[in-house]
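A.B. asks: Let me give you the structure first, and then I'll get to my questions.
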Amino acid sequence: MKLKLNKPRREALIGYLLVLPWIVGFLLFMAYPLYFSLFMSFHKVAITPYGIDTTFRGWDNYKDAFLTDPDFIQKLLLFVKSTVVMIPIVIVFSLFVALLINQPIRGRQFFRAIFFLPVVITSGEVVQELFAQGAATIPLMDQSGVIAYLENNLSATWSAPLIDVINRFILILWYSGVQILIFLAALQKVNTQVYEAAAIDGASPWVIFWKITLPEVKPFILVNLIYTTVDLFTNTFSDVIKLIQDNMFQVGTGFGYSSALAWIFFAVILLVLLLAVWLFRNREKTAYAGSGR
């Protein structure tokens, strides 16, 4: 007996089959480590010659993170503020570069490779070494007095994240390769005849960008927004991740406390993602309603 499926169900089945390898991989390799990490976050964990010894602490690890550990809260707030500033910089830069190398110029394949190359070669250790040597900074910013101006005219609440972004600006641009390729894929989906028709009607490049290009790449902006948020929060130069790693091997804290810090950090990342998606969709709905459609 041949099973007949309508088009929506057939497409849904194809979608589930495509994500099935990821689901199987998650259940086999990630589900238990995540559970065990959450389990350890409620315990004091000690590594002994006889194995892992756990002592139940309830919510004490989480309370200690917020009430008795000033380094965690300070670094977490600074990193969140810096990342919130970095995200639009990466998105705008990626879109700008994608627009440039999508033009019919000689050697554009070479330029695409150049912008994507750092994603391939910059492993965690390479990035950390470059950052330690000051390769991620822009010396002109310090020499021209921009950093001193921010320190003298803004409160530490706002100057610290801005200075942190400036000190890591080159690294931010290096990690834009994937976003550039995603925007390139979006730009190449636009029918060139639409651009030709707009040019014949006398539309300027500025009008074409706002009326044709930007609406076409809007769904990909959301994809890049999610990717960039996760990428920046989980990158090797995160002070919060370094703090979590340091607490793993300290006698007073150990794996239990570091697991609690990791889950708090995960909750913050999830909250930022949900907020970013909500703001993006809310603005999109507002723009759609304002257009009268």
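A.B. asks: Taking only pairs six or more apart or across chains, which ones have beta-carbon atoms under 6 Å, a first residue in the stretch 243-255 that is surrounded by 13 or more Cβ atoms within 10 Å (Cβ to Cβ), and a second residue that is not in a helix (DSSP H, G or I)?
C.D. replies: 247/253; 254/45; 255/45
A.B. asks: With the requirement that a residue be farther than 22 Å from residue 213 by Cβ and either modelled with pLDDT under 70 or open to solvent by less than 80 Å² (accessible area, probe 1.4 Å) (or both), what does the stretch 103-113 give you?
C.D. replies: Residues satisfying the conditions are 107, 113.
A.B. asks: Residues that are of a type in the set (Asp, Glu) and under 27 Å from residue 109 (Cα atoms): does the stretch 196-203 have at least one?
C.D. replies: yes
A.B. asks: Please determine, by comparing only the residues of the stretch 55-90 that are buried (at least 16 other Cβ atoms within 10 Å of the Cβ) and in contact with a His (Cβ under 9 Å, 6 or more places away or on another chain), which one is modelled with the highest pLDDT.
C.D. replies: Among those residues, the one meeting the criterion is 61.
A.B. asks: A follow-up question, please. Considering 207, 217, 230, which residue is under 25 Å from residue 96 (Cβ atoms), open to solvent by 50 Å² or more (accessible area, probe 1.4 Å) and either touching a helix residue (DSSP H, G or I) at 6+ places or on another chain (Cβ under 7 Å) or in contact (Cβ under 8 Å) with a residue 40 or more places away in the chain (or both)? Reasoning before the result, please.
C.D. replies: Details: 207 fails: either touching a helix residue (DSSP H, G or I) at 6+ places or on another chain (Cβ under 7 Å) or in contact (Cβ under 8 Å) with a residue 40 or more places away in the chain (or both); 217 fails: open to solvent by 50 Å² or more (accessible area, probe 1.4 Å).
Criteria check complete, one pass: 230.
The values are calculated or read from the model by the stated rules, or taken from the named source; none is laboratory data. Everything numeric in this text was worked out from a predicted model, so none of it was measured. Reconstructed Cβ throughout: ideal geometry from the backbone, glycine too, with neighbour counts over all protein chains shown. With ligands, DNA and RNA removed, areas are computed over all heavy atoms of the protein, side chains included. Shrake-Rupley method; radii C 1.70, N 1.55, O 1.52, S 1.80 Å.
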